[in-house]
1. Residue check: is D247 charged (D, E, K, R), in contact (Cβ under 8 Å) with a residue 40 or more places away in the chain, buried (at least 18 other Cβ atoms within 10 Å of the Cβ) and outside any strand (DSSP E or B)?
2. Give the residues of the range 141-198 that are within 30 Å of E122 (Cα to Cα) and among the β-branched types (V, I, T), sorted by residue number.
3. Given the residues L52, L76, L4, which is the only one that is more than 29 Å from L174 (Cα to Cα) and either within 15 Å of ligand 1 (Cβ to nearest atom) or surrounded by fewer than 21 Cβ atoms within 10 Å (Cβ to Cβ) (or both)?
4. Please go through (1) crowded, with 23+ Cβ neighbours inside 10 Å; (2) more than 23 Å from D20 (Cβ to Cβ) for A154 and return the number of the only condition it doesn't satisfy.
5. What strands (runs of 3 or more DSSP E) lie completely within the range 1-48 and have 1 or more residues being within 16 Å of ligand 2 (Cβ to nearest atom) and out of contact with any helix residue (DSSP H, G or I) (no Cβ under 7 Å at 6 or more places or on another chain)?
6. Condition check: surrounded by 15 or more Cβ atoms within 10 Å (Cβ to Cβ), touching a residue at least 24 places away in the same chain (Cβ under 8 Å) and among the basic types (K, R). Does R287 satisfy that?
7. Considering every residue within the range 13-23, establish whether at least one is hydroxyl-bearing (S, T, Y), within 22 Å of E163 (Cα to Cα) and at pLDDT below 95.
8. Restricting the first residue to the range 298-317 and requiring it to be touching a residue at least 60 places away in the same chain (Cβ under 8 Å) and in a loop (DSSP other than H, G, I, E, B), which pairs with a second residue that is of a type in the set (D, E, K, R) and away from ligand 2 (no atom under 16 Å from the Cβ) meet a Cβ separation below 7 Å and a spacing of at least six or different chains?
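The values are calculated or read from the model by the stated rules, or taken from the named source; none is laboratory data. Just so we're clear, the structure is a prediction, and the values are computed from it rather than from any experiment. For neighbour counting, all protein chains shown are included, and Cβ atoms are generated from backbone atoms with ideal geometry for every residue, glycine included.
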Amino acid sequence: MHVLGIESSCDETAAAVVTDGREIRSSIVESQVEEHAVFGGVVPEIAGRSHLAAILGVVDRALDDAGLELAEIDGLAVTSRPGLIGSLLVGLSAAKAIAWARDLPLVGIDHIQAHAYAATMETPLDEPAIALVVSGGHTALYDYSAPGEQRRLATTLDDAAGEAFDKVASMLGLGYPGGPRVAQLAETGDPRAIAFPRYRPKPPVDGGVAPLGFSFSGLKTAVLYHLRGQDALAPTPAPADIADAADVAASFQEAVVDSLVRMTLTAAEREDRRVVLVAGGVACNRRLREKLAVAARAAGREARFPSPAYCTDNAAMIAGLGYHRLAAGHRDALDLDASPRS
Ligand code: KG4
Ligand code: ZN
């Protein structure tokens with residue numbers, strides 16, 4: 001079954017053709033990053049308009065690359081939640097129009113479930129697993145039992161990990177998007193140079209085990225105070241005046257990675273899962289990939305990451321999960337709505 005997937009939840013316009021949920025025939029991602037960079041983050045109105053300009057061309061290219069005509073497509077999968085509402089509506093409307101014109105089945109897909117599914121596309125999964133979805137908008141752990149079936153175990157109390165990377169990048173004058181730039185600068189820094197805090201949930205006062213959870217706002221504030229020299233009222237120094245920027249980047253990254261590794265392996269132990277899946281933009285992070293792989297192995301477990309192209313937003317993961325929904329007989333009607341929430 002050839003499924004055409006469409007993704008437009010944030011600032012990438014993407015379309016892909018995937019056969020039988022696994023064989024990626026094409027995957028086109030058109031990034032709007034340059035349009036948003038001058039504002040230091042995604043501007044929803046600009047994102048919506050750019051999706052509108054790009055969407056049909058992106059779909060055409062996905063079909064071309066796959067070597068297929070629209071007439072050969074068997075079904076449509078489109079991200080319908082969560083995301084920026086004006087952005088979601090563009091992809092959703094395009095998918096509905098194609099489904100209606102060609103009389104094709106349509107399914108709406110949850111973006112977070114699709115990120116987790118991405119970690120199973122290249123290496124098939126035949127046992128339940130823990131899934132860490134770690135991106136610019138989300139940082140959460142799930143007990144993953146099958147494509148699209150996952151129970152949330154923990155989330156972040158405040159920022160997503162990718163958001164923290166983006167904010168620290170901005171403090172260091174590295175520009176937007178920050179994650180890859182902080183990671184690159186961190187390569188030349190010492191991860192032990194500065195002892196930034198790692199959030200650890202406390203056990204309940206009446207006893208029992210500590211809950212699972214993430215928090216990155218304290219860490220972000222600690223970076224800010226480090227840069228200002230502990231003076232709350234001091235201005236943040238200009239990037240050129242930050243002598244230890246590489247050490248800050250490396251020590252910050254280490255604190256994020258340590259929290260992610262610790263919580264993920266705690267969840268795997270509590271749920272007795274051998275495999276941990278990691279997906280979302282921050283799953284591109286080399287230090288996270290290395291440390292989690294080593295720590296998982298030491299605990300008798302296995303960490304699996306998608307290739308970097310399928311960690312960040314893409315439509316192959318939407319088409320892939322869409323196949324499983326369609327094959328199970330699921331159909332959405334043309335009144336399917338978009339939602340900013342999962
Ligand atoms: O999954 P994604 O493309 O979009 C969302 O659904 O949010 O993730 C984007 C996020 C951004 O915050 C970006 O800074 C972060 O992933 N990111 C990274 C790296 N590559 C992307 N963070 C740390 N290290 C990286 N190498
Ligand atoms: Zn995403």
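1. Working: charged (D, E, K, R): yes; in contact (Cβ under 8 Å) with a residue 40 or more places away in the chain: yes; buried (at least 18 other Cβ atoms within 10 Å of the Cβ): yes; outside any strand (DSSP E or B): yes.
For D247, the condition - charged (D, E, K, R), in contact (Cβ under 8 Å) with a residue 40 or more places away in the chain, buried (at least 18 other Cβ atoms within 10 Å of the Cβ) and outside any strand (DSSP E or B) - is met.
2. Correct list: T155, T156, V182.
3. Details: L76 fails: either within 15 Å of ligand 1 (Cβ to nearest atom) or surrounded by fewer than 21 Cβ atoms within 10 Å (Cβ to Cβ) (or both); L4 fails: either within 15 Å of ligand 1 (Cβ to nearest atom) or surrounded by fewer than 21 Cβ atoms within 10 Å (Cβ to Cβ) (or both).
Checking each option against the conditions leaves just L52.
4. It is condition (1) that A154 fails.
5. Values: elements: 2-7, 12-19, 23-31.
Those strands (runs of 3 or more DSSP E) span 12-19, 23-31.
6. Taking the combined requirement at face value, the residue satisfies it.
7. Initially, the range 13-23 is screened for residues hydroxyl-bearing (S, T, Y), giving 13, 19.
Then drop every residue that is not within 22 Å of E163 (Cα to Cα), which leaves 13.
Subset that is at pLDDT below 95: none.
No, the range 13-23 has no match at all.
8. F305/R289; P306/E122; S307/E122
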